[in-house]
């Protein structure tokens with residue numbers, strides 16, 4: 001009898017055939033479980049969490065080998081009902097997640113109980129609570145071979161550091177913080193908070209658009225992600241709105257030194273910036289993005305889709321450069337200082353003490369040289385804003401005086417006067 005071939009897949013073959021989705025879910029759960037403590041500590045002072053913070057702090061990009069990006073893993077958590085959909089705090093603002101609800105949902109998803117992160121002992125040298133897991137990590141570090149820059153007994157960095165914070169240079173003496181294999185953010189010492197309020201006040205230092213003025217949270221001048229420390233010199237009070245809106249952006253000079261050149265259409269913004277740029281300066285220009293995306297086709301560069309793509313590319317470059325800790329010299333070239341995600345971008349630039357230049361050849365010359373309806377509409381919007389170099393300089397001087405009172409600027413660090421046009 002001739003045996004009949006069975007072409008149906010066996011159960012074992014099925015398991016070998018499609019492991020992708022299950023493995024993807026397992027990897028997401030593993031990454032969330034591993035980085036949940038980091039998310040909780042790095043968002044102690046905020047009531048909301050952005051999509052970028054969740055992707056970066058949970059390291060969802062490490063699952064990207066199965067999908068295109070870490071944001072896909074976050075979207076899957078929302079789609080599966082693990083996380084509630086993000087919401088906007090105000091019209092035109094970014095979508096954010098509620099921190100308390102997000103942490104509760106992720107603990108249940110990762111199979112973690114709240115007691116896993118509850119502190120059980122007090123470290124007398126650092127003045128903070130230490131969990132049982134950290135003590136076990138310390139014991140593990142004590143058995144490991146010595147590494148450069150680490151104490152072989154407790155697995156911590158040497159107690160003296162030079163913290164560069166753009167004009168704030170200080171030395172940490174004694175055991176200012178303990179370190180294991182991963183830096184964990186802790187609640188700020190109430191004594192430090194009280195000293196910050198006594199020395200710098202209990203008002204919001206950021207003064208971003210929509211600021212309530214109340215000092216509701218502790219904010220690091222040099223962000224925690226940039227190795228900023230919990231010290232009186234590096235902490236100021238901020239309202240919840242400004243602290244969430246800041247998103248690790250730093251004052252000009254505390255990372256990149258940022259210059260902004262704005263003006264109506266047909267104004268030679270790039271030519272003005274070129275006269276003052278250094279050989280290693282970085283220029284971010286909307287018109288250059290549009291030119292590259294259109295392959296030097298002037299007709300295609302004016303299309304709505306190309307202009308939208310150029311605007312998205314400009315926003316992405318600005319967002320990264322405003323948060324970098326690399327000492328770059330950055331020149332932002334833009335016509336209207338506002339966008340869909342930043343409706344009052346000029347006020348944000350002034351709050352972060354950017355060097356702002358207004359290049360305006362005059363309304364008569366601008367409207368005589370515009371050659372299309374889109375540029376004419378932008379020119380009308382520009383002159384409706386009433387932005388001049390004199391008004392910008394006055395607002396920058398007022399902001400500089402505030403930063404001097406907060407100990408973040410010196411009297412001699414004001415911006416030089418710009419050329420008159």
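Just so you know, all these numbers are worked out from the coordinates, no wet-lab data involved. On a predicted model such as this, the values are computed, not experimentally measured, just so you know. Because the Cβ atoms are built from the backbone with ideal geometry, glycine has one as well, and the counts that use them run over all protein chains shown.
Numbers below:
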| item | result |
| --- | --- |
| Rounded if a/c under 1.5, otherwise prolate or oblate - the stretch 289-418, Cα gyration tensor axes | oblate |
| Cβ-derived FRET efficiency at R0 51 Å, residue 329 paired with residue 295, nearest 0.05 | 0.95 |
| Mean separation of Cα contacts under 8 Å (6+ apart) over length of the stretch 257-413, as relative contact order % | 35 |
| Added length on full extension, which subtracts the Cα-Cα distance from 0.36 nm per residue, residue 376 to residue 71 | 106.0 nm |
| Stretch gain in nm, segment residue 309-residue 404, where the contour uses 0.36 nm per residue and the Cα spacing is subtracted | 30.3 nm |
| Gain on full stretching of the segment that runs from residue 197 to residue 59 - 0.36 nm per residue minus C-alpha separation | 46.3 nm |
| For the stretch 336-381: rounded, prolate or oblate by the Cα gyration tensor [a/c cutoff 1.5] | oblate |
| Calculated FRET value between residue 225 and residue 390, using beta carbons and R₀ = 51 Å, to 0.05 | 0.85 |
